[in-house]
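Report on one structure; see the data block that follows.
The values are calculated or read from the model by the stated rules, or taken from the named source; none is laboratory data. Because the structure is predicted, anything quoted here is derived from the model rather than measured. Here the Cβ positions follow ideal geometry from the backbone for every residue, glycine too, while neighbour counts run over all protein chains shown. To get the accessible areas, we keep the full protein, side chains included, count just its heavy atoms, and leave off ligands, DNA and RNA. Shrake-Rupley method; radii C 1.70, N 1.55, O 1.52, S 1.80 Å.
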Amino acid sequence: MSGTTLQGEPSVLTEVVHVVRGEVDQAPTVGHGRGGSAFTAPALDLDRLVWPRTEAGPAFDVPSAEIVDLLVETGEALKADREGLLAEALDRMVRVSPLPAEVLERAYAVLWRSFQRTNLHAQIDHELGGADVLDGWREVRLPEGRIAASIRCNGSCAG
């Protein structure tokens, strides 16, 4: 999709690609934003973004340790950016973001840190209740001893 700048020159809109359930979304694109920060993206079908409760999610049976290993490798790949994909993403973001390029450059330069093993384990422990909650079931007991809930995990939970 393209338009015209205020100077009458043709402009090319940044195209945003959506990946839904592991596949590139081929839905017709919709324009967003104005002027130099305009971009196109497929119209979102919210029903396609959420798995039905009758289906297990895509990684429900994968132990959290394997997911952490994959995310650590992802961080290392982001840091190296051998294919230039992160640089390309930054370039596209600079075109459409209201933030100064320097701010985005700093954020992208340290993005890999979010995927460090210690940070991931801290998130799992403090935000999700621990790997045992992710990998098995845990009973939650109230002070008077009755069971309030059983929390779904994928393996064994520490009581």
Counting only protein heavy atoms and leaving out ligands, DNA and RNA, the solvent-accessible surface of ASP47 at a 1.4 Å probe, in Å² to the nearest 10, equals 130 Å²
Please list, in order, the residues from the range 53-71 whose amide nitrogen is less than 14 Å from a point placed 7 Å along the Cα→Cβ vector of ASN119.
71
So what is the relative contact order of the range 53-144, in percent, for Cα pairs below 8 Å that sit 6 or more residues apart?
35 percent
Can you tell me the mean projection area, over all orientations, of the convex hull of the chain's alpha carbons? Units nm², please.
13.5 nm²
Could you work out which residue, out of ALA148, ALA77, ALA43, moves most in a Gaussian network model of the chain, that is, has the largest mean-square fluctuation with Cα springs under 10 Å?
ALA148
For ALA59 and ASP91, FRET efficiency with R0 = 35 Å and r from the beta-carbon atoms, rounded to 0.05?
0.70
Between VAL140 and GLU83, what FRET efficiency comes out of the Förster formula 1/(1 + (r/R0)^6) with R0 = 35 Å and r the beta carbon distance, rounded to 0.05?
0.20
Compute the relative contact order of the chain as a whole-number percentage, counting only Cα pairs closer than 8 Å that sit 6 or more residues apart in sequence.
16 percent
Sorting HIS18, HIS121 by accessible area (1.4 Å probe), largest first, what list results?
HIS121, HIS18
Spin-label pair LEU111/GLU15, simplified geometry with 7 Å Cα→Cβ offset, distance in nm:
1.9 nm
Theoretical ellipticity at 222 nm over the chain - DSSP helices of four or more residues, -39500 (n - 2.57) apiece, nearest 500:
-10500 deg cm²/dmol
Give, in nm to one decimal, the length gained when the segment between SER37 and LEU70 is fully stretched (0.36 nm per residue of separation minus the Cα-Cα distance).
8.5 nm
Computed over the chain: longest principal axis from alpha-carbon atoms vs helix 85-96 long axis, angle to nearest 10 degrees, is 60 degrees
Given Cβ point charges of +1 (Lys, Arg) and -1 (Asp, Glu) and nothing else, what value in debye, to the nearest 20, does the dipole of the chain about its Cα centre take?
400 debye
